[in-house]
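Undergrad: Got a structure for you, written out below as structure tokens; questions coming shortly.
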Amino acid sequence: MHFHSFFDELHRHIHHHRDQDRAVQKALDEVIRDCHLLFFDELHVHDSGDARLLTRLLERVFARRIVVVATSNYAPDDLLPNPIWHHIFEPGVALINAHMSTVHLTGSIDYRTAGGGRVNGFAAGEWTTAPVTVPKRYDDTSLAVRDRHFPVLAARPGELWVTFAQVCDAPLSTIEYLE
């Protein structure tokens with residue numbers, strides 16, 4: 001499971017149980033269900049809240065003897081790299097180091113930089129210097145991502161117009177940003 005997708009699902013389950021005792025434990029049990037193998041693609045930690053949840057998840061899955069496999073561009077000690085917050089994830093790093101093996105893959109080609117003609121996601125966008133019709137002020141609208149609404153300049157088929165502040169200064173979660 002992609003790491004962001006897993007945490008999105010976990011956050012939704014926690015929200016569902018928010019008024020109950022042991023909401024996080026109930027949510028973790030629902031998300032990992034009866035799995036025997038948990039595979040994370042692109043594991044990285046940049047959020048202190050997710051760091052705490054990941055530590056609790058690791059405690060839970062290792063206690064249940066669930067095999068964890070992860071890909072990451074970060075060594076365990078480099079997760080949650082911000083020095084202000086890194087100490088929060090040190091227990092998680094200790095769990096990773098105690099229960100997992102780290103294998104550094106090397107090769108002659110770094111496929112992350114090789115291109116490959118992406119045609120979807122953010123890479124499918126365009127950077128253009130051609131004249132464009134900038135949305136008028138009356139085009140201001142909002143987009144819904146789950147239960148939250150975010151102001152945007154305009155949303156048209158195949159186009160999303162936003163200001164830098166609307167995307168980079170707004171309190172967006174990773175999942176909200178990606179959607």
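Undergrad: Take the residues in the stretch 66-76 that are farther than 25 Å from R33 by Cβ and surrounded by 14 or more Cβ atoms within 10 Å (Cβ to Cβ); name whichever of them is modelled with the highest pLDDT.
TA: Of the residues in the stretch 66-76, the ones farther than 25 Å from R33 by Cβ are 73-76.
Those left that are additionally surrounded by 14 or more Cβ atoms within 10 Å (Cβ to Cβ): 74, 76.
On the way: Y74: 91, P76: 95.
Residue satisfying both the conditions and the ranking: P76.
Undergrad: Conditions first: (1) surrounded by 14 or more Cβ atoms within 10 Å (Cβ to Cβ); (2) free of Cβ contacts under 8 Å to residues at least 60 places away in the same chain. D8 passes all but one, so which condition is the exception?
TA: Here D8 clears every test but (2).
Undergrad: Now, a different point. Considering only the stretch 143-158, state which residues are assigned to a strand (DSSP E or B) and loosely packed, with under 12 Cβ neighbours inside 10 Å.
TA: First, pick out the residues of the stretch 143-158 that are assigned to a strand (DSSP E or B): 143-145, 148-152, 154-156.
Residues satisfying the conditions are A144, H149, R156.
The values are calculated or read from the model by the stated rules, or taken from the named source; none is laboratory data. Keep in mind it's a predicted model, so treat the numbers as computed, not measured. Positions of Cβ are backbone-derived with ideal geometry, glycine not excepted, and every protein chain shown enters the neighbour counts.
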